[in-house]
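Here is the structure we will look at.
The numbers here are math on the coordinates, done by the rules we state, and not lab data. Keep in mind the model is a prediction, meaning the values are calculated, not measured. Here the Cβ positions follow ideal geometry from the backbone for every residue, glycine too, while neighbour counts run over all protein chains shown.
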Amino acid sequence: MSHADRILMGPGPGNPYPQVIKAFGRPVLGHLDPDFIALLDETNDRLREVFRTTNPLTFPVSATGSAGMEATIVNVLGPGDTVVIGVNGVFGERMCDVASRCGATVVRVDAEWGWALDPQDLLDAHPDPKVIAVVHAETSTGVRNDIAPIGAGKGDALLLVDCVTSLAGIPLEIDAWGVDLAYSGTQKCLGVPPGLSPVTVSAAAIERFVEKSPSWYLDLQMIAEYVTSGGARAYHHTAPISMIYALHAGLGVVLEEGLENVQARHQACGDKLQAGLVDRGFELFAQEGHRLPELTSVMVPIDRLPEGSDEAGVRTRLLTEYGIEIGGGLGPVAGKVWRIGCMGHTARIRNVTLLLAALDEILD
């Protein structure tokens with residue numbers, strides 16, 4: 001089976017939109033070419049529409065989502081600063097790691113994997129943190145954490161949100177929810193291959209940047225001059241031209257279809273997949289009422305695995321015999337949970353139907 005025929009339904013990259021694949025074939029311009037600068041400006045405008053923000057400092061960091069995480073953290077946290085971080089999966093843990101490397105005092109608020117964080121627990125964790133940080137859609141568990149109540153009660157704290165798996169997949173309102181810093185990735189619901197991390201930063205966050213970021217490449221004060229100067233651009237780094245083409249195209253697909261329609265398509269696929277799994281006797285892992293439609297986590301049906309096979313063997317058969325890739329669990333749920341993505345162009349009812357039929361054939 002050709003790699004091009006595979007249906008990517010894991011927690012990582014999904015199948016890109018056809019318009020995105022076409023965009024990669026555009027002739028490469030110089031990164032300071034006026035035509036490229038105009039396209040970058042339009043890409044940033046499209047990102048503002050999808051993030052639902054008017055923040056001038058909204059742009060794609062030239063690296064994957066982890067770089068967006070690091071960029072938003074190292075520019076607002078330094079030694080002596082306090083950050084409250086919600087942890088109910090791998091990516092909350094990563095936030096803690098990066099913040100501690102900045103010398104910040106990390107106050108963890110933990111919830112059991114598979115369960116959502118209580119917003120009030122985050123608000124009560126410290127009387128005066130500089131930052132409250134939380135993952136909106138926890139990719140390792142398929143759980144959605146509520147953001148709006150945190151923004152409403154954050155006081156003087158900056159609210160930093162990981163939107164890697166939520167942007168364009170479920171409702172996200174950066175300005176209305178009081179989010180000050182947010183980062184995402186291109187490879188999830190935007191339907192673009194991995195390579196960029198869309199970031200947006202409020203004026204309040206810019207005012208509270210650390211004096212000098214420990215990172216040169218991810219120094220948002222330097223990049224802001226390039227992104228928002230309007231006229232002649234200051235040079236910071238060489239932009240990844242073809243990836244910007246791809247992001248521009250992917251955002252165009254989302255906006256042409258309509259952001260609400262794209263989110264509804266993700267919801268419909270998630271609903272059908274989760275209902276189909278339950279009908280077949282599967283146990284969903286994520287807390288009811290906080291399940292992501294774009295990333296379904298389900299307990300591995302150990303008692304139904306083919307004789308002599310383990311959960312990884314089933315995933316291998318799905319890939320080699322049916323061309324369907326799904327993901328395994330991470331951390332404490334490794335080997336116990338499957339993570340099934342319906343994101344971007346992959347979020348189609350036909351893909352859900354094919355996966356459910358393949359599981360019917362493989363499992364006892």
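Taking the Cβ of each residue in HIS126, HIS266 as the centre, tally the other Cβ atoms inside 10 Å and list the residues starting with the fewest.
Result, fewest neighbours first: HIS126, HIS266.
Could you list GLU307, GLU138 in order of exposure, starting from the residue whose Cβ has the fewest other Cβ atoms within 10 Å? Present the calculation step by step, with values, prior to reporting the outcome.
Details: GLU307 5, GLU138 32.
Fewest-to-most Cβ neighbours within 10 Å comes out as GLU307, GLU138.
Obtain the nm distance between the two label points defined at ASP146 and ASP33 by a simple spin-label model: each point lies 7 Å from its Cα along the Cα-to-C-beta direction.
Each label point is offset 7 Å from its Cα along the Cβ direction, giving 4.9 nm.
Which ordering of LEU47, LEU123 is given by a fewest-first count of other beta-carbon atoms within 10 Å?
Values: LEU47 23, LEU123 19.
Least crowded to most crowded, the residues run LEU123, LEU47.
Below 8 Å, C-alpha to C-alpha, sequence gap of six or more: please give me the relative contact order for the chain in percent.
The normalised contact order for the chain reaches 25 percent.
Looking at (1) 19.6, 57; (2) 20.9, 80; (3) 20.4, 66, which value of Rg and Dmax of the Cα atoms in Å comes from a calculation on the structure shown?
It is the value labelled (3).
Restricting attention to segment 27-125, which GluC sites (Glu not before Pro) occupy a DSSP loop and are surrounded by at most 14 other Cβ atoms within 10 Å?
GLU112
Given Cα pairs under 8 Å that are at least 6 residues apart, what percent is the relative contact order of segment 281-364?
With pairs under 8 Å counted, the relative contact order is 31 percent.
Go through segment 178-191 residue by residue and turn each phi into a ³J(HN,Hα) via Karplus (6.51, -1.76, 1.60, θ = phi - 60°); whole Hz please, and just put x for glycine and proline.
x, 7, 9, 9, 9, 9, 9, x, 7, 8, 9, 6, 6, x
Tell me the mean residue ellipticity at 222 nm calculated for the chain from its helices only (DSSP H runs of n ≥ 4, each -39500 (n - 2.57), averaged over every residue, nearest 500).
Mean residue ellipticity at 222 nm (helix-derived): -11500 deg cm²/dmol.
Can you give me the relative contact order of segment 1-137 as a percent, contacts being Cα pairs under 8 Å and 6 or more apart? Intermediate values should be presented prior to the final figure.
Working: 133 pairs, mean separation 25.4, N = 137.
Here the relative contact order equals 19 percent.
For segment 334-343, what does the Karplus curve 6.51 cos²θ - 1.76 cosθ + 1.60, with θ = phi - 60°, yield as ³J(HN,Hα) per residue in whole Hz, taken in order and with x for Gly and Pro?
Result, ordered by residue: 4, x, 10, 10, 9, 10, 10, x, 10, 10 Hz.
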